[in-house]
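One structure is given below, encoded as structure tokens.
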Amino acid sequence: MIAETHLTADDLIMPLFVRPGEKERREITSMPGNYQLSPDELVKEVVALKEAGIRATILFGIPETKDPEGTSGYAEDGIVQQAIRSIKEKVDDFVVITDVCLCEYTSHGHCGILSDQTVDNDATIEVLAKMALSHAKAGADMVAPSDMMDGRVLRIRERLDAAGFSNVPIMAYSAKYASAFYGPFRDAAESPPKFGDRKSYQMDMANSDEALREVQLDIAEGADIVMVKPALPYLDIIRRVKEEFGYPVAAYCVSGEFSMIKAAAEKGWLVEKAAALEMLMSIKRAGADLILTYWAKDAAGWLKEKNKG
Ligand code: PBG
């Protein structure tokens, strides 16, 4: 009766990875229990998520081909576009969010278009807007730009509105830090940068006021939900963003946060369920309304058990 914070399956968004093919289910070794799925297998996974009580996914694509401009990211028959259509054909009442970023689609692995080994911000946001529009056309319910370029939220908003998709909200990765905790994901999405790092567009871990400025800009440009990422090392940022803006705040409990507990649990050093639920609760308590987490399906099951008991 006196618990101040409640964690429920409604708070959780499950990230899923889609790759070309049929009946493909490739386990991601650095993220046990997560798979690169072909669209048919992805639909099965979404049905299972829905049965478990999860109502939303965020999709990441592993495309057939990559090039310097990331053109497979906005192709009408691109892998994410196909995946959205398959889910929308077969499952109702399930929220499909798409990650909008170039790193999975560029041959160099950076989150934007390069000019002389640096990312060209303005050329990139044009491509991101194309990509977001192609997702909306395929039926995406929400788009989530994760690139950290300046001005991308506004460009995407304008492009969606002009094409009649003013009802498609934007969840902006607003305060995304250049983090060591993305390591396992870069394996999962086959997206590590081929040279350099992402520190010119992702945030410095030392900064917190800057996170508020990033969030403020995204809200001014039309973001509907703002995100802080990673979650556990940045709980203070989640709390400041929630208090300052009162906007819906999403927190991304990233691959490294997941895999470190999985690994410790495999060694018998931690109890996965207890550690995961404690971590998710701390993120909620810090002020997150939504949590993107690879534990979404398992946590939904654990929470159901708990409520029965
Ligand atoms: C793409 C993107 C990344 C993640 C989500 N979207 C990786 C990155 O910036 O390197 C990380 C997610 C995770 O680690 O779980 N820009």
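The values are calculated or read from the model by the stated rules, or taken from the named source; none is laboratory data. It should be emphasised that the depicted structure is a prediction, and the values quoted were computed from it without experimental measurement. Virtual Cβ from ideal backbone geometry, glycine too; neighbours counted across all protein chains shown. The area values use the complete protein model at the heavy-atom level, side chains included, leaving out ligands, DNA and RNA. Shrake-Rupley method; radii C 1.70, N 1.55, O 1.52, S 1.80 Å.
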Label-point separation in nm, Thr29 to Glu190, each point 7 Å along Cα→Cβ
1.5
Sort Leu133, Leu59 by heavy-atom solvent-accessible area, probe 1.4 angstrom, most to least.
Leu133, Leu59
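Taking all protein chains as present, what is the carbon and sulfur share of the accessible area of the chain, in % to the nearest whole number, probe 1.4 Å? Walk me through the intermediate numbers first.
On the way: 6660 of 13390 Å².
Exposed carbon and sulfur together represent 50 percent of the surface.
Could you pull out the longest piece of the chain with no exposed loop GluC sites (Glu not before Pro) in it, calling a site exposed if DSSP puts it outside H, G, I, E, B and it has at most 14 other Cβ atoms within 10 Å? Could the numbers behind the result be given before it?
Numbers: sites that count: Glu4, Glu22, Glu64, Glu76.
The reported range is 77-309.
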Once label points are set 7 Å from the Cα along Cα→Cβ at both Thr5 and Arg285, what is their separation, rounded to one decimal in nm?
0.5
Separation between the Thr118 and Ala264 pseudo-spin-labels, each 7 Å from Cα along Cα→Cβ, expressed in nm?
4.0
How many percent of DSSP beta bridges within the stretch 97-256 run antiparallel, rounded to 5?
10
Please give the calculated 222 nm ellipticity per residue for the chain, where each DSSP H segment of at least 4 residues contributes -39500 (n - 2.57) and the sum is spread over every residue; nearest 500 deg cm²/dmol?
-12500 deg cm²/dmol
Pop out the ³J(HN,Hα) list for the stretch 86-91 in order, Karplus 6.51 cos²θ - 1.76 cosθ + 1.60 with θ = phi - 60°, rounded to Hz; leave Gly and Pro as x.
4, 5, 5, 5, 9, 10
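Please list Ser38, Ser166 in order of solvent-accessible area, largest first, computed with a 1.4 Å probe with all protein chains present. Walk me through the intermediate numbers first.
On the way: Ser38 0, Ser166 75 Å².
From most accessible down to least: Ser166, Ser38.
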Can you pull out the trypsin sites (Lys or Arg not before Pro) in the stretch 194-294 that DSSP calls coil and that have at most 11 other Cβ atoms within 10 Å?
Lys194, Lys199, Lys267
Relative contact order, percent, the stretch 75-198 [alpha-carbon distance under 8 Å, six or more residues apart]:
28
Once the piece of chain linking Arg213 and Ala48 is laid out straight, how much longer is it, given 0.36 nm per residue of separation minus the C-alpha distance between them?
55.5 nm
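What relative contact order, as a whole-number percentage, does the chain give when Cα pairs under 8 Å and 6 or more residues apart are counted? Present the calculation step by step, with values, prior to reporting the outcome.
Values: 626 pairs, mean separation 58.1, N = 309.
Dividing the mean separation by the residue count of the chain yields 19 percent.
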Using modelled backbone amide H atoms (1.01 Å from N, in-plane), which distant-in-sequence or interchain residues come within less than 5 Å of Ser200's amide H?
none
For the stretch 94-205, what does the accessible surface come to per residue with a 1.4 Å probe? Please give it in Å².
36
Using DSSP, restrict attention to beta bridges with both residues in the chain and report what percent are antiparallel, rounded to the nearest 5.
15
Charge dipole of the chain built from unit charges on the beta carbon (Lys, Arg +1; Asp, Glu -1), centred at mean Cα; most positive-end Cα among Val143, Ala48, Gly183 is Ala48
Heavy-atom accessible area per residue of the stretch 1-42, all protein chains kept, 1.4 Å probe, expressed in Å², is 53
